[in-house]
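To start, the structure itself, in structure tokens.
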Amino acid sequence: MGVQNNDIILKDLVVYFPVRQGIVKAVDHVSATFQFGKITGIIGESGCGKSVMGMAVLGLLPQYAKAEGQILYQGKDLRMLSPSDMRKMRGTNLGLIPQNPADSLNPVRKIGSQILEAALLTGEKKQKSRENMDKMLIQFGFDKNIVHRVEKAYAFELSGGMQQRVAAVMGVASKPQWILADEPSKGLDLQLRKQMYKTLQQIKTECTDSMLIITHDLILAKTLCDCVMVMYAGQIIEIGERTLDQPKHPYTQALLQSLPENGFQPMKGKAPSPGENFEGCRFAPRCSYAKEECRKSVPGYYQTENGMVRCFRYAGSKKSK
């Protein structure tokens, strides 16, 4: 499939943070295409750069962060937009379901006013937006008899599950083309995690079919995503439609082996520290297959039957540009 105008395309994206000792690269020369009409999962251990990459797409990096490269969408480089234009883009084209609803919801504003603010970005009149807000809250699991009570409540008056569903409603209220869900199941107990799975599936079915899901939850990625990208130490090391069914990279294989249903085999070693200098493959110190070449040279991307992988074990395959 060729590139579409509504795809999100990263070209040589770098995000780094100046520190006293120098710089810490959270995203290190990443190029990728997120296809419109697909659910793309981005997985990896904590600190690998996946959330930072997502916030770069939305223009929500902290002020002290520095970014280079391009983020292309609808023929525009999102990094070059003015703050006001980027806010409009987030409101009408790019939606967010945040990682921690309890922290993201405004504690001094009623829930209804927060949802309505997002809904009005569609350009509809206030009365129509109010009616749509009621419908969406019911659609996302609130009983019609308590909808108005929820709208008049403050965030602290809602349970964790209710806060999750409100955050989802706010994310879709402006009818964006793309929704980014940042670690949607992080820190949730089993019951809330199942509710979040159901909510995301509902968004996929009824609201939009273009999503980025940033997660460490491999079950969520496998269940919901059409394509999965694996990040390690600021780089994408594997991409494919069957990444979690037929993993190629040793890191992806080790991630799956660490799941309880696969024997709960812990990955040896530890992830690199932020700001660490690298020579050769970044996973080599933890890899059972590493050879001298891996420790000295950086592997490129090699095509497999289901995608691409950054590993010398596949050097006999066609190399991707």
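Any idea which of A56, A26 is modelled with pLDDT under 95, closer than 29 Å to G187 by Cα and surrounded by 14 or more Cβ atoms within 10 Å (Cβ to Cβ)? The unique qualifying residue is A26. Summed over the stretch 240-264, residues that are surrounded by fewer than 20 Cβ atoms within 10 Å (Cβ to Cβ), in a helix (DSSP H, G or I) and not polar (S, T, N, Q) total 4. Check the stretch 38-45 and report whether any residue there is at positive phi, in contact (Cβ under 8 Å) with a residue 40 or more places away in the chain and crowded, with 20+ Cβ neighbours inside 10 Å. Yes, the stretch 38-45 has at least one match.
Each row is one residue, and each column tells you yes or no for (1) open to solvent by less than 30 Å² (accessible area, probe 1.4 Å); (2) at pLDDT below 90; (3) in contact with an Asp or Glu (Cβ under 8 Å, 6 or more places away or on another chain); (4) closer than 27 Å to R130 by Cβ.
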| position | (1), (2), (3), (4) |
| --- | --- |
| V150 | yes, no, no, yes |
| G160 | no, yes, no, yes |
| M170 | no, no, no, yes |
| D189 | no, yes, no, no |
| Y197 | no, yes, no, no |
| C207 | no, yes, no, yes |
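Within the stretch 59-89, the residues that satisfy the criterion of being out of contact with any Asp or Glu (no Cβ under 6 Å at 6 or more places or on another chain), open to solvent by less than 70 Å² (accessible area, probe 1.4 Å) and assigned to a strand (DSSP E or B) are A67, I71, L72, Y73, D77. Residue check: P62 meets all listed conditions (1) without any contact (Cβ under 8 Å) to a residue 12 or more places away in the chain; (2) touching a Ser or Thr at 6+ places or on another chain (Cβ under 8 Å); (3) not small (G, A, S) but one, namely (2). Within the stretch 105-126, the only residue that satisfies the criterion of being surrounded by fewer than 18 Cβ atoms within 10 Å (Cβ to Cβ), among the small types (G, A, S) and farther than 26 Å from Q74 by Cβ is S113.
Going through (1) basic (K, R); (2) more than 19 Å from D226 (Cα to Cα); (3) open to solvent by less than 30 Å² (accessible area, probe 1.4 Å) one by one, R20 falls short only on (3).
This table checks each residue for (1) at pLDDT below 95; (2) out of contact with any strand residue (DSSP E or B) (no Cβ under 9 Å at 6 or more places or on another chain); (3) aromatic (F, W, Y); (4) more than 20 Å from N6 (Cα to Cα).
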| site | (1), (2), (3), (4) |
| --- | --- |
| G69 | no, no, no, no |
| G75 | yes, yes, no, no |
| L78 | no, no, no, no |
| L96 | yes, no, no, no |
| D103 | yes, yes, no, yes |
| A118 | yes, no, no, yes |
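Any idea which residue in the stretch 265-290 is surrounded by the fewest Cβ atoms within 10 Å (Cβ to Cβ), counting only those that are without any contact (Cβ under 8 Å) to a residue 12 or more places away in the chain and more than 25 Å from the chain's Cα centre (by Cα)? So, considering only residues that are without any contact (Cβ under 8 Å) to a residue 12 or more places away in the chain and more than 25 Å from the chain's Cα centre (by Cα), the one surrounded by the fewest Cβ atoms within 10 Å (Cβ to Cβ) is N277. Can we say R193 is surrounded by 22 or more Cβ atoms within 10 Å (Cβ to Cβ), basic (K, R), more than 15 Å from the chain's Cα centre (by Cα) and more than 15 Å from T40 (Cβ to Cβ)? Criteria not met by R193. Kindly establish whether S273 is under 24 Å from V24 (Cα atoms), modelled with pLDDT under 95 and part of a loop (DSSP other than H, G, I, E, B). Answer is yes for this residue. Taken over the stretch 291-312, the criterion of being surrounded by fewer than 17 Cβ atoms within 10 Å (Cβ to Cβ) and of a type outside the set (A, V, I, L, M) is satisfied by K291, E292, E293, R295, K296, S297, G300, Q303, E305.
The values are calculated or read from the model by the stated rules, or taken from the named source; none is laboratory data. Computed from a predicted model, the values in this text were never measured in an experiment. Glycine also receives a Cβ, built like all others from the backbone with ideal geometry; neighbour counts cover every protein chain displayed. Only protein heavy atoms, including side chains, enter the accessible area calculation; ligands, DNA and RNA are left aside. Shrake-Rupley method; radii C 1.70, N 1.55, O 1.52, S 1.80 Å.
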